[in-house]
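Below is one structure; the comments refer to it alone.
Just so it is clear, none of the values below were taken in a lab; they were calculated from the coordinates. None of the values given here were measured: they were computed from a predicted structure. Counting neighbours? That spans all protein chains shown, and the Cβs are built from the backbone with ideal geometry, glycine included.
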Amino acid sequence: MNRKKKINETLKGKAKKANAKLHSSNKPKYISKAERARIAEAEKDGALILDMSQG
């Protein structure tokens, strides 16, 4: 009984992992707080440059 149970658990685990690879997550990629601040600063600088060129 134990041997059958162990084999079935192994096969179920492999099937679960294969199924998980097929379905990708809709979760967005993690961006650190420092990276978000750097991006915001770059956007702010870019907006200032555009404003100066127009005026």
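Miscellaneous remarks
- Sequence-distant lysines (8 or more away, or on other chains) whose Cα lies within less than 18 Å of K14: K4, K5, K6
- Within a straight-line Cα-Cα reach of under 20 Å, K29 can be paired with the following lysines, leaving aside sequence neighbours fewer than 8 residues apart in one chain: K21.
- Rounded to the nearest whole Hz, the Karplus-based 3J(HN,Hα) values (6.51 cos²θ - 1.76 cosθ + 1.60, θ = phi - 60°) of the range 28-44 follow the sequence x, 5, 5, 10, 5, 4, 5, 5, 4, 5, 5, 5, 4, 5, 5, 5, 5, with x at glycine and proline.
- Here the spin labels are modelled as points 7 Å beyond Cα on the Cα-Cβ line, and at T10 and R36 they lie 4.5 nm apart.
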